[in-house]
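Presented below is the structure to which this report refers.
The values are calculated or read from the model by the stated rules, or taken from the named source; none is laboratory data. Being a predicted model, the structure only gives us computed values, none of them experimental. Please note: Cβ atoms are built from the backbone with ideal geometry, for glycine as well, and neighbour counts cover all protein chains shown. The area values use the complete protein model at the heavy-atom level, side chains included, leaving out ligands, DNA and RNA. Shrake-Rupley method; radii C 1.70, N 1.55, O 1.52, S 1.80 Å.
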Amino acid sequence: MTAAERNTSDDGRRAIVLAAVIVLQAATAIFFVVDVASDFIADAKLKDLHMWIEVIAAIALAAGIIFLAIELRRVMARLDTLGRSMRAAQGEMAEVIDTFFNDWGLTPSERDVALMVLKGIDNETIAQMRGTAPGTVRAQCTSIYAKAGVDGRAQLFSVFMEELLANGD
């Protein structure tokens with residue numbers, strides 16, 4: 001799980017907790033409002049301390065419900081924004097990769113291998129996944145590096161990182 005996915009997951013949990021707190025506070029506020037109303041109807045006076053405490057508690061709970069509802073809305077908007085940003089970044093990364101692969105003139109097999117290299121998969125695993133010999137993957141990597149004008153995996157990866165960081169400025 002990536003850091004962005006963890007943050008989105010954490011925000012989702014926060015939204016659920018806030019919604020639960022809002023429901024709990026709403027139930028409590030209803031209880032206090034009904035209690036205050038019944039006490040007022042029975043006595044029609046707001047002179048004793050107990051009555052004032054209940055009125056203040058009901059007002060505080062209502063204010064808390066309003067505040068939490070606003071906060072929940074903000075969290076949900078943030079989740080939506082983060083989700084859209086994540087999808088845009090993923091789409092942009094795919095476009096950047098495709099552009100480089102096209103510019104370098106990679107074959108479909110080289111594209112597959114290069115994408116796996118960018119994901120951090122080692123040559124032996126790539127060979128197993130593709131059903132080819134490790135030597136074939138090494139040869140394809142050598143060809144990819146030559147076409148990209150880099151010396152190895154680290155430089156290949158840095159080409160994409162530099163491009164993304166440059167686009168972020």
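Roughly how many Å² of VAL17 are accessible to a 1.4 Å probe, to the nearest 10?
The value for VAL17 is about 90 Å².
On average, how much accessible surface per residue is there in the chain, in Å², for a 1.4 Å probe, leaving out ligands, DNA and RNA?
65 Å²
Do you know the relative contact order of the chain, to the nearest whole percent, from alpha carbon pairs under 8 angstrom that are 6+ apart?
This gives 20 percent for the chain.
With a 1.4 Å probe and all protein chains left in place, how much of the accessible area of segment 17-169 comes from carbon and sulfur atoms, in whole percent?
Roughly 65 percent of what the probe reaches on segment 17-169 is carbon or sulfur.
Taking N as the number of residues in segment 54-120, what is its alpha-carbon radius of gyration divided by 2.2 N^0.38 Å?
Ratio of Rg to 2.2 N^0.38 Å for segment 54-120: 2.21.
Please state the charge dipole magnitude for the chain, taken about the Cα centre, from unit charges on C-beta atoms (+1 on K and R, -1 on D and E), reported in debye and rounded to the nearest 20.
Using only the charged Cβ atoms, the result is roughly 180 debye.
Mind putting a number on the dipole of segment 74-162 about its Cα centre? Charges go on the C-beta only, +1 for Lys and Arg and -1 for Asp and Glu, and I need it in Debye to the nearest 20.
320 debye
Based on DSSP H runs of at least 4 residues, each adding -39500 (n - 2.57), what is the mean residue ellipticity at 222 nm of the chain after dividing by all its residues, to the nearest 500 deg cm²/dmol?
-31000 deg cm²/dmol
Could you work out, for the chain, what percent of all Cα-Cα pairs fall into each 5 Å distance bin, beginning at 0 Å and stopping at the bin that holds the largest distance?
Histogramming the chain at 5 Å steps yields 1, 7, 11, 11, 9, 8, 7, 6, 6, 5, 5, 4, 4, 4, 4, 3, 2, 1, 0 percent.
Could you compute the longest span of the chain free of trypsin sites (Lys or Arg not before Pro) located in DSSP loops and having at most 10 other Cβ atoms within 10 Å, not counting the site residues?
Here the longest segment lacking exposed loop sites spans 48-118.
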